[in-house]
Amino acid sequence: MKKIAIVGTGYVGLVTGVALSDIGHDVTCVDIDETKVAKMNQGKSPIYEPGLSELMTKNIEKGNLHFTTDHSIAFQNAAAIYIAVGTPERADGSANLDFVQQVARDIAANVSNQGAVVVTKSTVPVGTNKLVKHWITEALDRDITIEVVSNPEFLREGSAVYDTYNGDRIVIGAESEEAAELIEAINKPFGVPVFRTDIESAEMIKYASNAFLAAKISFINEIGTICGKLGANIEDVAAGMGMDKRIGDKFLNAGIGYGGSCFPKDTKALIQIAGGVNHKFDLLESVINVNNKQQQLPLDIAHMVVRGGLEGKKVAMLGLAFKPNTDDMRESASIVLAHKLADLGANITAFDPIAMDNAKRLLPESVHYVASTEEALQDADVAFIVTEWDEFKDLPLTVFEQKMKQPIVIDGRNCYPLSYVETANIDYYSIGRPSVIRAGKSNQPAN
Ligand SMILES: NC(=O)c1ccc[n+]([C@@H]2O[C@H](COP(=O)([O-])OP(=O)(O)OC[C@H]3O[C@@H](n4cnc5c(N)ncnc54)[C@H](O)[C@@H]3O)[C@@H](O)[C@H]2O)c1
């Protein structure tokens, strides 16, 4: 059992802290957000992540999980201090390291354990861990040595707790063998394979992995657009491609693009990192351009198929979060869509099972929020499916028929098999698949 401090209790910090306490460590999480800390001290999770609240309560009760706003309390005798604060994008796309630098100052002011290991979980550009060591040692006024370890995080929001126990790898980048050993030992009970490397390679593994996954999504979306024009079905194409083990069947779902707190900012940051060594990352720039185009697609379809334009039309938005099982709205496709629809004068009614509170801060004020799918669809002229929540995937298509004024459904996430849609009396437009039009209506252009 080790004494561990976690700095930052967002999606990464809180999940990491809770899981490390659950495998037996004594964990104190520190955050500057007093409201969050007060909530966590009452045993309530400030974020929605399946299984997290239960695990939090269990370990608070066991006495090995604590929350504070005081860095000196968190760092007292900590063998490892994890940095899990945000690294948002700057206007030029590069990663903003201000929060990380502030944590370095907090560590210098409060670290008490000789040889404490500072572990960076935040996604940071190559070279940052060494910079963190420099920032800390420069500001330290006591005779304490520290080590740094890069330990990038790969959890997926929506299954973050599961991923922590079942990850594909734990990457540990270190100069000091001893520091790497400590972090490997801390993580041993998870039973996840460990990959050890140097600090710079560990930092790059994180960006390269996210950029590759984003590229896979943009690639399949481009193929989907071509399929739509040629009458091929992207789902069959992806299934056939995915059977090739060199390609793999994951991340081949065509849709209205990636969002979230990682892919958009990490792809831009990697372009900046490459630019810093005079390399123009053409491929990644295209990945981003394709994603921007993809987020525009539902609106392009609506312009083609909603007679008389969108002004004054009642529009239902089903799903607001950037993906299912999370309340995270950062860079969600719903933000782009809602603002464009509002600019066109559409009356938007929106429903999301979890993310509506967060959505209110990011979507136009005119959006009307309701408590159910059925309410959102009532008298709507067109429905957009933005997030593939199970709740929508399991919805009988008769609900669209019965509730909507005109049953025009633009499914940005390919939620229903076309064979099922063909049994319903709706006009259905999805991504990279043939459109299904109500009997008796003239065929509409494929997307
Ligand atoms: N969210 C993800 O799915 C995910 C996955 C992998 C990696 N990452 C990376 O992990 C990092 C954290 O992401 P997140 O989504 O958890 O961020 P977040 O914005 O949800 O949380 C960051 C937290 O840090 C706190 N904080 C800021 N400065 C602080 C300080 N000086 N002391 C204490 N607390 C402080 C904030 O109040 C906030 O609660 C980012 O670099 C991100 O790119 C995120």
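Structure notes:
- Looking across segment 396-436, the residues that are among the β-branched types (Val, Ile, Thr) and assigned to a strand (DSSP E or B) come down to 408, 409, 410, 436.
- For segment 90-140, the set of residues classified as part of a loop (DSSP other than H, G, I, E, B), away from the ligand (no atom under 16 Å from the Cβ) and without any contact (Cβ under 8 Å) to a residue 12 or more places away in the chain consists of 91 only.
- Residue under evaluation residue 293, criteria (1) closer than 25 Å to residue 223 by Cα; (2) in contact with a Phe, Trp or Tyr (Cβ under 8 Å, 6 or more places away or on another chain), criterion not met: (2)
- Residues that are within 16 Å of the ligand (Cβ to nearest atom), surrounded by 16 or more Cβ atoms within 10 Å (Cβ to Cβ) and assigned to a loop (DSSP other than H, G, I, E, B) do not occur anywhere in segment 183-190.
- Among (1) away from the ligand (no atom under 16 Å from the Cβ); (2) among the acidic types (Asp, Glu); (3) at pLDDT 95 or above - the single one residue 203 does not satisfy: (1)
Conditions tested, residue by residue: (1) charged (D, E, K, R); (2) surrounded by 14 or more Cβ atoms within 10 Å (Cβ to Cβ); (3) within 19 Å of the chain's Cα centre (by Cα).
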residue	(1), (2), (3)
253	no, yes, yes
261	no, yes, yes
265	yes, yes, yes
270	no, yes, yes
273	no, yes, no
310	no, yes, no
320	no, yes, yes
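- Test set (1) aliphatic (A, V, I, L, M); (2) touching a helix residue (DSSP H, G or I) at 6+ places or on another chain (Cβ under 7 Å); (3) more than 10 Å from the ligand (Cβ to nearest atom); (4) in a loop (DSSP other than H, G, I, E, B) - residue 85 fails condition number: (3)
- Residue list for segment 28-50, restricted to those being assigned to a helix (DSSP H, G or I) and of a type outside the set (Ser, Thr, Tyr): 34, 36, 37, 38, 39, 40, 41
- Within segment 141-182, being among the small types (Gly, Ala, Ser), away from the ligand (no atom under 16 Å from the Cβ) and assigned to a loop (DSSP other than H, G, I, E, B) holds for one residue alone: 176.
The values are calculated or read from the model by the stated rules, or taken from the named source; none is laboratory data. What you see is a predicted model; the values in this text were computed from it and never measured. All Cβ positions, glycine included, derive from the backbone under ideal geometry; neighbour counts span all protein chains shown.
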